[in-house]
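S.K.: Below you'll find the structure I mean.
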Amino acid sequence: MGVTSGLIRAFAPGRVNIIGDHTDYTGGLVLPMTIDRGTMIEGQLHDGPVELVSSTEDQPAIVPLDIADPSTATPGWARYVAGVVAEMRPMSGFKGRVSTTIPSGAGLSSSAALEVAVALALGFRGSVTELALLAQRAEQTASGVPCGIMDQLSIAAGSELGPTLIDCHTLTVTPLEFPEDLDIVVVYGHHRTLVGSEYAARVRECAQAEAIIGPLRLALPSDAARIVDTVVRSRARHVISENQRVRDFVMAIHADARADAGQLMIESHNSLRDDFHTSTPAMDDLVTALCARDGVWGARMTGGGFGGCVVALAEQGAIENDEAKRVWVVRPARGAHLNVS
Ligand code: GLA
């Protein structure tokens, strides 16, 4: 029986995390913002595999509906498509094209946007939380990286009002209204991938800390101080202090205390650099240079780290968009959505 349908357009934005990194996989707090860069999939259901060409990739992704092991799909980007197909096991295939304005390897969640858009295009039905959990499982099987829920939930539930405070334990999402005359600026430092990085080691080290002092989301700095192993202790210290910084940042924005908000971002960066070891010298230099500029309240590495982007909080217009230098003044954008015509 042939599949009939109209033109499907599934869109998923990228995200930048403003504060709260490496807290999601221990059920902590994060404050990502979906941005005005995203991934669009346009096409139609058909009898056959999931078949996508991409504006940024040479090779198409052709994924049979009964794909057994998504991690072996080729070319590389097809793994993320395959991860979603394996989770959904859709009744019909899809033929279409992917176009994206999210640079890959920047830490702006291009893979999570692709997964969420593919799930919507293939007819996912369910809540934003279920969509995010499905896309997270797809990412984990596709890449082998034991990522948390932040990227996928941010993208599924994003708000055009501003960043979203996400409690990664309860999975509640609360939009934070952001002053219109404050800019979020993203600067792309250098390319990275979490595959083969120390990301998985950080997840393990946090689990080791939790085996000693219990859930990090509930722990106090004095609990971390009890951990004998210095590496595990410093990882716990980062997570515990970062959760508190997210709470403090939200309060600072509510109170329009911009200097305080900026200072919290700088402290977050220092903690990721010194206690969590996910920054790089190039990112450290970028943060220092940004913080020295007039009108900049603070800056930090953002996302998984080991490269990628730096995010800054600046007075409106203090830093201008500069495509050639990969400096982007980003605006909050609506979360993923579907259109069928
Ligand atoms: C990556 C992961 C997220 C999160 C961040 C760090 O983006 O996919 O789950 O752990 O790193 O905050």
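S.K.: Would you mind finding the one in Ala292, Ala200, Ala224, Ala211 that is free of Cβ contacts under 8 Å to residues at least 12 places away in the same chain and more than 24 Å from Trp328 (Cβ to Cβ)? Show your work before the answer.
M.R.: Working: Ala292 fails: more than 24 Å from Trp328 (Cβ to Cβ); Ala200 fails: free of Cβ contacts under 8 Å to residues at least 12 places away in the same chain; Ala224 fails: free of Cβ contacts under 8 Å to residues at least 12 places away in the same chain.
The conditions single out Ala211.
S.K.: Next question. Just to be sure before I move on: is Ser154 under 14 Å from Arg15 (Cα atoms), out of contact with any Asp or Glu (no Cβ under 9 Å at 6 or more places or on another chain) and within 14 Å of the ligand (Cβ to nearest atom) in the structure I sent? Walk me through how you get there before you give the answer.
M.R.: On the way: under 14 Å from Arg15 (Cα atoms): yes; out of contact with any Asp or Glu (no Cβ under 9 Å at 6 or more places or on another chain): yes; within 14 Å of the ligand (Cβ to nearest atom): yes.
Spelling it out, Ser154 is indeed under 14 Å from Arg15 (Cα atoms), out of contact with any Asp or Glu (no Cβ under 9 Å at 6 or more places or on another chain) and within 14 Å of the ligand (Cβ to nearest atom).
S.K.: Given the residues Thr4, Thr74, which is the only one that is β-branched (Val, Ile, Thr), modelled with pLDDT under 95 and away from the ligand (no atom under 16 Å from the Cβ)?
M.R.: Just one listed residue meets the conditions, Thr4.
S.K.: Six or more apart or on different chains, Cβ under 8 Å: which pairs go from a residue in the stretch 141-165 that's farther than 17 Å from Val16 by Cβ to one that's of a type in the set (Val, Ile, Thr)? Could you list them?
M.R.: Close Cβ pairs satisfying both conditions: Ser143/Val195; Gly144/Val195; Val145/Val195; Pro146/Val203.
S.K.: May I ask you to list the residues in the stretch 174-191 that are buried (at least 20 other Cβ atoms within 10 Å of the Cβ) and within 15 Å of the chain's Cα centre (by Cα)?
M.R.: Hit for the stretch 174-191 is Val186, nothing else.
S.K.: Of a type in the set (A, V, I, L, M) and either under 12 Å from the mean Cα position of the chain (by Cα) or within 11 Å of the ligand (Cβ to nearest atom) (or both): which single residue out of Ala121, Ala135 fits that description?
M.R.: Step by step, each of Ala121, Ala135 is checked, and only Ala135 is of a type in the set (A, V, I, L, M) and either under 12 Å from the mean Cα position of the chain (by Cα) or within 11 Å of the ligand (Cβ to nearest atom) (or both).
S.K.: While we're on this one: Go through the residues of the stretch 105-115 one by one and say whether even a single one is surrounded by fewer than 23 Cβ atoms within 10 Å (Cβ to Cβ) and either of a type in the set (Gly, Ala, Ser) or more than 12 Å from the ligand (Cβ to nearest atom) (or both).
M.R.: Initially, the stretch 105-115 is screened for residues surrounded by fewer than 23 Cβ atoms within 10 Å (Cβ to Cβ), giving 105.
Filter once more, keeping what is either of a type in the set (Gly, Ala, Ser) or more than 12 Å from the ligand (Cβ to nearest atom) (or both): 105.
Yes, some residue in the stretch 105-115 is surrounded by fewer than 23 Cβ atoms within 10 Å (Cβ to Cβ) and either of a type in the set (Gly, Ala, Ser) or more than 12 Å from the ligand (Cβ to nearest atom) (or both).
S.K.: Go through the stretch 123-140 residue by residue and tally those that are touching a residue at least 60 places away in the same chain (Cβ under 8 Å) and either surrounded by fewer than 17 Cβ atoms within 10 Å (Cβ to Cβ) or among the β-branched types (Val, Ile, Thr) (or both).
M.R.: 1
S.K.: Counting residues that are in contact with a strand residue (DSSP E or B) (Cβ under 7 Å, 6 or more places away or on another chain) and within 16 Å of Val16 (Cβ to Cβ), which strands (runs of 3 or more DSSP E) fully inside the stretch 276-341 reach at least 2? Spell out how you get there, then give the answer.
M.R.: Details: elements: 296-301, 308-315, 327-330, 337-340.
Hits in the stretch 276-341: 296-301, 308-315, 327-330.
Conditions tested, residue by residue: (1) of a type outside the set (Val, Ile, Thr); (2) crowded, with 20+ Cβ neighbours inside 10 Å; (3) under 22 Å from Glu198 (Cα atoms).
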residue: Ala257; (1), (2), (3): yes, no, no
residue: Gln263; (1), (2), (3): yes, no, no
residue: Ser271; (1), (2), (3): yes, yes, yes
residue: Ala282; (1), (2), (3): yes, no, yes
residue: Ala289; (1), (2), (3): yes, no, no
residue: Arg293; (1), (2), (3): yes, no, no
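S.K.: Determine which member of the set Glu87, Glu42 is part of a strand (DSSP E or B), charged (D, E, K, R) and farther than 27 Å from Val327 by Cα. Spell out the reasoning first.
M.R.: On the way: Glu87 fails: part of a strand (DSSP E or B).
Result: Glu42 is the single residue among Glu87, Glu42 that is part of a strand (DSSP E or B), charged (D, E, K, R) and farther than 27 Å from Val327 by Cα.
S.K.: Taking the stretch 190-200, which residues are more than 13 Å from the ligand (Cβ to nearest atom) and over 16 Å from Trp77 (Cβ atoms)?
M.R.: Selection gives His190, Gly196.
S.K.: Can you find a residue that is in a helix (DSSP H, G or I) and touching a Lys or Arg at 6+ places or on another chain (Cβ under 7 Å) anywhere in the stretch 152-171?
M.R.: Looking for residues that are in a helix (DSSP H, G or I) and touching a Lys or Arg at 6+ places or on another chain (Cβ under 7 Å), one finds at least one in the stretch 152-171, hence yes.
The values are calculated or read from the model by the stated rules, or taken from the named source; none is laboratory data. Predicted model only: the values in this text are computed from it and were never measured. Positions of Cβ are backbone-derived with ideal geometry, glycine not excepted, and every protein chain shown enters the neighbour counts.
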